[in-house]
Amino acid sequence: MNLDLRVLGVRADGYHELRTVFQAIEIHDTLICTDAPGPFTIKCRTPGVPLDEENLVWKAASALWTALGRAGSVRDTVIQIDKQIPVRAGLGGGSADAAAALVALARLWGGAPMTLLREVGATMGADVPFFLSGGTALGLGRGEEIYPLVDLPRHFVVIVRPPFGVSTAEAYAWYDEDRAAGLRETREFQQLPVPWPSRAAQMINDLEPPVMRRHQEIGALKSQLRELGATAAAMSGSGSAVFGLFVSRAAAGRALKPLSRNGATALVTRTLTRAEYERRARSVARKS
């Protein structure tokens, strides 16, 4: 998720120049990669997840296949995606899956150095390089330039996904539209009440106001999270998910029922340090 996201302008290549602070969290998807003769295949039971070239996992597999010097199109592999991360929520689920695919496929296909995986990941999407390292990190450029920060002290996180999604393309289009119309906002700074030696994250998301103009529920969920005890609350990434930081799991758990109304879905997770993320993100060989 994004603790902070600033849009600094539009680059010559058409992408937006960003400064963001990424934070790894415990909730995760699971990918099972298997050797299987025939065309490359992605399987997933979650509605709305593309099973073709539109899926970042497919793009990751294809890019790594080429980077390893293999001829033709990717083949002889099946990937099963078991989703837990909400889709179209601004939580980077697709990018996390792409990073996991790179790690798992590198092992399945005979090995590849992490430097190569980072190079491949940087060509695919702004969030993919972050999900190869995790923890707390500063992202620059399109978000693909990753600089580790001191890990945020442990927080429990309540994530609320309203009954609608927002695509990344929609959020940035609305941002550009509002900027062209001369709309500006007074930024609301939220200082994290913990002894954390970084001022990089002030819980500001420049995509939040344009999304909130189209979906006022975002603002209502932020207010509700604060009323329920969150020390800070914001929309993550391009939305639609809103998160609140809590100091205890018990306090976070008490917030779930009031937030799980009107079609919204709420869950509790927690932040992960870089070391915790690295241990959990390792690929594991399954016995046949």
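The values are calculated or read from the model by the stated rules, or taken from the named source; none is laboratory data. Here the structure is a predicted model, which means the values were calculated and not measured. Don't worry about glycine lacking a Cβ; one is built from the backbone with ideal geometry, like all the others, and counts go over all protein chains shown. Protein only, heavy atoms only, side chains kept; ligands, DNA and RNA dropped before computing areas. Shrake-Rupley method; radii C 1.70, N 1.55, O 1.52, S 1.80 Å.
Here are the numbers:
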read-out: Gap separating the Cα centres of the range 52-73 and the range 6-43, nearest whole Å; value: 14
read-out: Mean separation of Cα contacts under 8 Å (6+ apart) over length of the range 75-194, as relative contact order %; value: 22
read-out: Charge sum, other residues only, whose C-beta stays under 14 Å from Asp178's C-beta, Lys/Arg counted +1 and Asp/Glu -1; value: -2
read-out: Net charge contributed by nearby residues that have their C-beta within less than 11 Å of Ile81 (K/R +1, D/E -1); value: 0
read-out: Solvent-accessible ranking of His16, His155, His28, largest area first, probe 1.4 Å; value: His28, His16, His155
read-out: Heavy atoms of Ser283 accessible to a 1.4 Å probe, total area in Å² rounded to 10; value: 40
read-out: Separation between Cα centres of the range 222-260 and the range 114-176, rounded to whole Å; value: 20
read-out: Lys59 - accessible surface, heavy atoms, 1.4 Å probe, Å² rounded to 10; value: 90
read-out: Environment charge at Gly244 (Cβ cut-off 11 Å; Lys +1, Arg +1, Asp -1, Glu -1); value: +1
read-out: Size of charge dipole - the chain - debye, nearest 20, with Cβ of Lys, Arg +1 and Asp, Glu -1, no other charges; value: 900
read-out: The chain: DSSP helices with Cα axial extent of at least 20 Å and average Kyte-Doolittle hydropathy no lower than 0.5; value: 93-108
read-out: Solvent exposure ordering (accessible area, 1.4 Å, most first) of Ile146, Ile25; value: Ile146, Ile25
read-out: Cα-based Lys proximity count in the chain, under 21 Å, for pairs eight or more positions apart or on separate chains; value: 5
read-out: Computed FRET value (nearest 0.05) for Glu177 with Asp13, which takes r as the C-beta separation and R₀ as 22 Å; value: 0.65
read-out: The chain - convex hull of the alpha-carbon atoms, volume per residue in Å³; value: 138
read-out: Difference of contour (0.36 nm per residue) and Cα-Cα distance, Gln216 to Val284; value: 20.2 nm
